[in-house]
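First the structure, then my questions, so here it is.
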Amino acid sequence: MKALVILVCLALAAPVALADQSHANVRVEVLAQTSNSWNGSALPSYPEGTPELRILRITIPAGVTLPMHKHPVINAGIMLEGNLTVISEAGDTMQLSAGDSIVELVDQWHYGRNDGESDAVVVVFYAGVAGQPISQAR
């Protein structure tokens, strides 16, 4: 948790720290800032325990549909390449393209589908607890 707090503090302080002219070419762009997942549901509180951050680069080949799954931890990502459709069990849908960010659903069943002609590549950051799984398949 302490590492996450430090990362958040650095991210919030970056625009202020870069205000002097010696860093005039550095740009900071907020890709996501929210307390809700992509379908509008509130994110849960962080769990107790030893914090563990994971950063995964996930490549989903063209034509592949992921199995229905859910995440017990807060996670967010950014699409680097391709396109991806994310569908919740309730029928909510989100379209992602390269450069888009996503704050994922927590403890809600969903799946992703790559209907494109090229790989979909997404980097996902998971904020969980050591020893806790980050995903559960149905």
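Spot the failing condition for SER41; the list is (1) surrounded by 15 or more Cβ atoms within 10 Å (Cβ to Cβ); (2) touching a strand residue (DSSP E or B) at 6+ places or on another chain (Cβ under 8 Å), and only one is missed.
Every listed condition holds for SER41 apart from (2).
Within the stretch 19-49, take every residue that is of a type in the set (A, V, I, L, M) and part of a loop (DSSP other than H, G, I, E, B) and give me the one that is modelled with the lowest pLDDT.
Within the stretch 19-49, the match that is modelled with the lowest pLDDT is ALA19.
So which of ALA62, ALA32, ALA24 is touching a Ser or Thr at 6+ places or on another chain (Cβ under 6 Å), of a type in the set (Gly, Ala, Ser) and more than 18 Å from GLU104 (Cβ to Cβ)?
ALA62
Take the residues in the stretch 104-130 that are assigned to a loop (DSSP other than H, G, I, E, B) and without any contact (Cβ under 8 Å) to a residue 60 or more places away in the chain, then tell me which one is nearest to LYS70 (Cα to Cα).
In this case the residue turns out to be TRP109.
Sticking with this structure for a sec: Please tell me if GLU52 is of a type in the set (Asp, Glu), surrounded by fewer than 16 Cβ atoms within 10 Å (Cβ to Cβ) and either in a strand (DSSP E or B) or modelled with pLDDT under 95 (or both).
no
Of all residues being aliphatic (A, V, I, L, M) and touching a residue at least 40 places away in the same chain (Cβ under 8 Å) in the stretch 35-55, which is nearest to ASP107 (Cα to Cα)? Just the residue, please.
LEU43
Something else about it: Would you confirm whether or not the stretch 56-68 contains a residue that is touching a residue at least 60 places away in the same chain (Cβ under 8 Å) and among the polar types (S, T, N, Q)?
Looking for residues that are touching a residue at least 60 places away in the same chain (Cβ under 8 Å) and among the polar types (S, T, N, Q), one finds at least one in the stretch 56-68, hence yes.
Here's a follow-up. Mind checking whether some residue in the stretch 27-36 is within 18 Å of LEU80 (Cα to Cα), exposed (fewer than 14 other Cβ atoms within 10 Å of the Cβ), under 14 Å from the mean Cα position of the chain (by Cα) and among the small types (Gly, Ala, Ser)?
There is at least one residue in the stretch 27-36 that is within 18 Å of LEU80 (Cα to Cα), exposed (fewer than 14 other Cβ atoms within 10 Å of the Cβ), under 14 Å from the mean Cα position of the chain (by Cα) and among the small types (Gly, Ala, Ser).
Just the residues that are within 16 Å of ALA42 (Cα to Cα) and surrounded by fewer than 17 Cβ atoms within 10 Å (Cβ to Cβ), please, taken from the stretch 88-127.
Passing the criteria: ALA90, ASP92, VAL106, ASP107, GLN108, TRP109.
I want to confirm something. Restricting to the stretch 55-86 and keeping residues that are buried (at least 19 other Cβ atoms within 10 Å of the Cβ) and assigned to a loop (DSSP other than H, G, I, E, B), which single residue is farthest from the chain's Cα centre (by Cα)?
Looking at the filtered set, the residue picked out is GLY82.
Please find, within the stretch 128-138, the residue that is nearest to LEU53 (Cα to Cα) out of those that are surrounded by 14 or more Cβ atoms within 10 Å (Cβ to Cβ) and of a type in the set (A, V, I, L, M).
Among those that are surrounded by 14 or more Cβ atoms within 10 Å (Cβ to Cβ) and of a type in the set (A, V, I, L, M), it is VAL129.
The values are calculated or read from the model by the stated rules, or taken from the named source; none is laboratory data. Note that this is a predicted model, so its numbers are computed, not measured. Here Cβ is always computed from backbone atoms with ideal geometry, including for glycine, and neighbour counts include all displayed protein chains.
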